[in-house]
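**Q** Just dropping this structure here.
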Amino acid sequence: MSDSLKNKTIIVTGAGGNIGRAYCDELNRIGANVVLADLADLSGLAREYCAAGGSAIAVKVDVADPDSIEAMAATTFERFGAIHGIVNNAGFFKGCTFGSFMDIPVDEWDRCYQINVRGVWLCCRAAVPYMKQGGGGKIVNVSSNTPYKGVPNFLHYVSSKAAVIGLTRALAREVGEFNIQVNTLCPDLIPDPDIIAKQGTAADEKTVAQRCLKRTQTPEDMVGSALYLLGSGSDFVTGQSLLVNGGAYFQ
C-alpha cells in the first residue's frame with residue numbers, strides 16, 4: 001500500500017538518526033513529501049532528496065519545546081498545504097543511565113519523560129488540527145519492545161515507552177471520529193554504532209539469541225511496518241501496537 005503515500009506529506013521527528021533516516025529514505029523513494037524534523041540541520045539531506053526528484057524540507061525542531069513543535073507543524077502546512085501523517089520517532093535513549101533504579105538522576109528521569117512522552121503528546125497536539133482540516137491522518141508513535149519484556153536496569157526509559165503505548169490508545173479514542181488513526185510501532189534492540197563502540201556487541205548477541213529470527217535487527221527492518229501504519233492499508237487499524245522484533249516476544 002506504499003503507493004497510497006505518493007504526494008502525501010509525512011513528518012518524521014528524529015529524522016537524523018539511523019532509524020529516522022531509514023523511514024525518510026523510503027518515504028522519499030516512494031514519492032511522499034518528506035519533512036525531516038530534527039535538532040540537527042538536515043537541509044543538506046533535503047536538498048539531496050529534491051535533487052533526485054523528490055519533495056522534502058528540513059525543519060529544525062526540539063520536541064522538548066512546544067513553540068518549536070508548533071512552528072514545525074505550521075511550516076509543514078505552509079509548504080505542502082496538508083499534514084497527512086507524522087512519525088513520532090525522536091527519543092531520549094543514548095543519554096539514559098543503565099543501572100539500578102535507585103541511581104537514576106532525577107533530572108535524567110525528567111528529561112526522558114520530557115522527550116519520550118511529553119514530546120510525543122506535543123507533536124500530536126500540533127499535527128491533529130491540520131489532519132482534521134484535511135479530513136484525516138495517520139499518527140505513528142514509536143515505543144519499544146522493552147515495556148513488554150520488562151527490561152530491568154532501564155526504568156525511566158522502559159516506563160516512558162510504556163506511557164507512549166497508553167497515550168496512543170487513549171488518543172485513538174479521542175480522534176477516531178475525525179478519521180485519524182493512531183498506532184504504536186515497537187522496535188526491538190537495533191544496535192547503534194556509537195553504543196557498540198563503547199559497550200561492544202554483548203547486548204545485541206543476547207537479544208538475537210532470544211529471537212526466532214537469529215540475526216541483528218536493522219533500521220530497515222522497521223520501514224515496511226511504518227509504511228503500513230502510514231498508508232491506506234491500515235485505515236481500519238487504530239489504537240494498536242505493532243511489535244517488530246524477529247520473534248523475540250509474542251504480544
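**Q** Just a yes or no: is a residue in the range 197-209 free of Cβ contacts under 8 Å to residues at least 12 places away in the same chain and under 28 Å from TRP121 (Cβ atoms)?
**A** No, the range 197-209 contains no residue that is free of Cβ contacts under 8 Å to residues at least 12 places away in the same chain and under 28 Å from TRP121 (Cβ atoms).
**Q** Among ALA22, ALA32, which is in contact with a strand residue (DSSP E or B) (Cβ under 7 Å, 6 or more places away or on another chain) and either under 21 Å from MET222 (Cα atoms) or buried (at least 17 other Cβ atoms within 10 Å of the Cβ) (or both)?
**A** Criteria check complete, one pass: ALA32.
A quick yes/no check of all residues on (1) farther than 28 Å from LYS161 by Cβ; (2) over 20 Å from the mean Cα position of the chain (by Cα); (3) of a type in the set (A, V, I, L, M):
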| site | (1), (2), (3) |
| --- | --- |
| ILE11 | no, no, yes |
| VAL35 | no, no, yes |
| VAL61 | no, no, yes |
| SER68 | no, no, no |
| GLY85 | no, no, no |
| ASN89 | no, no, no |
| LYS94 | no, no, no |
| SER100 | no, yes, no |
| ASP107 | no, yes, no |
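**Q** Looking only at residues in the range 147-183 that are under 15 Å from the mean Cα position of the chain (by Cα), β-branched (Val, Ile, Thr) and assigned to a helix (DSSP H, G or I), which one is nearest to TYR113 (Cα to Cα)?
**A** Among those residues, the one meeting the criterion is VAL164.
**Q** Taking the range 49-64 as the region of interest, how many residues are out of contact with any helix residue (DSSP H, G or I) (no Cβ under 7 Å at 6 or more places or on another chain) and either surrounded by 14 or more Cβ atoms within 10 Å (Cβ to Cβ) or aliphatic (A, V, I, L, M) (or both)?
**A** So the count comes out to 5.
**Q** Then there is this: Can you report the number of residues in the range 87-127 which are of a type in the set (Ser, Thr, Tyr) and not in a helix (DSSP H, G or I)?
**A** Summing the residues that are of a type in the set (Ser, Thr, Tyr) and not in a helix (DSSP H, G or I) in the range 87-127 gives 2.
Computed from the coordinates by the stated procedures, all read-outs in this text should not be read as laboratory data. None of these values were measured; they are calculated from a predicted model. All Cβ positions, glycine included, derive from the backbone under ideal geometry; neighbour counts span all protein chains shown.
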